[in-house]
Amino acid sequence: MTILEVIQRGAEFLDKKGVPSPRLQLECLLAHVLQMPRMKLYLNFERALTQEQLDALRALVQRRARREPLQYIVGSAPFCSLELAVNPCVLVPRPETELLAERAWKFLQQPPHPALALDLGTGSGCLAIALAVNAPQAVVHASDASADALALARENAARHHAAIQFYHGDLFAAVPRSLRFRLIVSNPPYIPTARIETLDPEVRDHEPRQALDGGADGMDFYRRIAAEAGAFLELDGRLMLELDDEGPAAAAEIFQRQNWIVEPVESDYNQLPRILIARPQAG
């Protein structure tokens with residue numbers, strides 16, 4: 001079978017299984033098997049695949065048909081022009097989180113330098129690494145409750161030569177209380193427990209539940225961060241958090257009740273509320 005035939009038949013199969021963007025997904029899997037850029041497939045439509053390549057592709061397509069995320073199958077995901085290793089121990093990085101990363105590193109690029117930054121619940125390390133790469137004058141720290149996630153984050157940090165201090169603990173639990181950060185950033189679990197069952201199979205059945213579940217109303221981690229972050233943040237520092245677009249007002253109210261000054265919520269590419277920025281009250 002040629003590359004074109006494989007793409008056509010494979011995309012049809014994935015489409016029948018309800019996989020979104022089936023042709024794109026098939027092309028990404030085939031490019032992974034052939035170890036070539038996806039766009040190069042279009043220059044090689046008549047190339048015949050070996051039986052070994054067909055068998056390898058077939059195994060990957062079957063996994064994708066079971067709605068396993070493409071990123072877990074190929075073992076990596078892009079984030080802010082960085083290629084990061086991912087596995088089922090961590091969430092797949094999202095484009096919305098890239099907006100949070102960019103907003104955060106632009107803040108860190110402002111004087112004074114050096115500034116300390118902390119990423120809570122780092123997962124794959126995507127936020128912490130993006131900060132370290134794009135604001136090299138900052139000193140970046142990161143924490144996670146999952147030892148497996150931290151192992152992957154360390155691997156990704158080493159891959160991108162990002163010097164990050166990692167802590168194994170839930171939110172601030174393992175962070176030295178002597179430290180004061182100019183920026184604390186996080187993409188915390190924020191999906192209400194009952195809503196998880198309504199998510200796409202890729203998320204519901206494959207991504208780590210502990211990185212999704214924000215409690216009954218999705219606000220558990222916002223409450224904890226609002227209560228605990230003040231002890232770790234400089235007076236002129238900022239707290240930047242990703243939001244569930246269905247609950248921005250509730251999250252903002254949680255921080256206001258804890259005497260934070262909450263800036264207008266910033267929107268994502270789809271004009272949905274996505275980034276909460278807060279700073280401590282003076283005095």
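Here, each number is a calculation from the coordinates, and none is a lab measurement. None of the values given here were measured: they were computed from a predicted structure. Because the Cβ atoms are built from the backbone with ideal geometry, glycine has one as well, and the counts that use them run over all protein chains shown.
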Put +1 on the Cβ of each Lys and Arg and -1 on the Cβ of each Asp and Glu in the chain; which of 62, 150, 35 then has its Cα farthest toward the positive end of the dipole? 35
Projecting the Cα atoms of 187, 176, 210 onto the charge dipole of segment 167-216, where Lys and Arg contribute +1 and Asp and Glu -1 at Cβ, the residue farthest towards the positive end is 176
Ignoring everything except DSSP H segments at least 4 long, calculate the 222 nm mean residue ellipticity for the chain; use -39,500 (n - 2.57) per segment, divide by total residues, nearest 500. -11000 deg cm²/dmol
Expressed in Å to one decimal, the Kirkwood Rh of segment 7-165 from all distinct alpha-carbon pairs is 17.3 Å
Treating only the Cβ atoms of Lys and Arg (+1) and Asp and Glu (-1) as charged, compute the dipole magnitude of the chain about its Cα centre; round to the nearest 20 debye. 400 debye
Going by average Cβ neighbours within 10 Å, how do the peptides 268-280, 28-40 rank, with the highest at the top? 268-280, 28-40
Quick one: if you take sqrt(5λ) for each eigenvalue of the C-alpha gyration tensor of segment 3-66, what semi-axes come out, biggest first, whole angstrom? 18, 13, 10
Taking the convex hull of Cα positions in segment 158-229, its mean projected area over all directions (nm²): 6.6 nm²
For segment 90-205, size of Cβ-based charge dipole, Lys and Arg +1, Asp and Glu -1, in debye: 580 debye
Rounding to the nearest 10 and keeping the result within 0 to 90°, find how far the Cα-based axis of helix 51-65 lies from the longest principal axis of the chain. 50 degrees
Amide H contacts of residue 181 (H built 1.01 Å from N, under 5 Å, at least 5 apart or other chain): 233, 234
As I understand it, the dipole of the chain uses +1 on the Cβ of Lys and Arg and -1 on the Cβ of Asp and Glu, about the Cα centre. Which of 51, 232, 107 lies farthest toward its positive end? 51
What does the chain give for Rg and for Dmax, in Å, if only its C-alpha atoms count? 20.7, 71
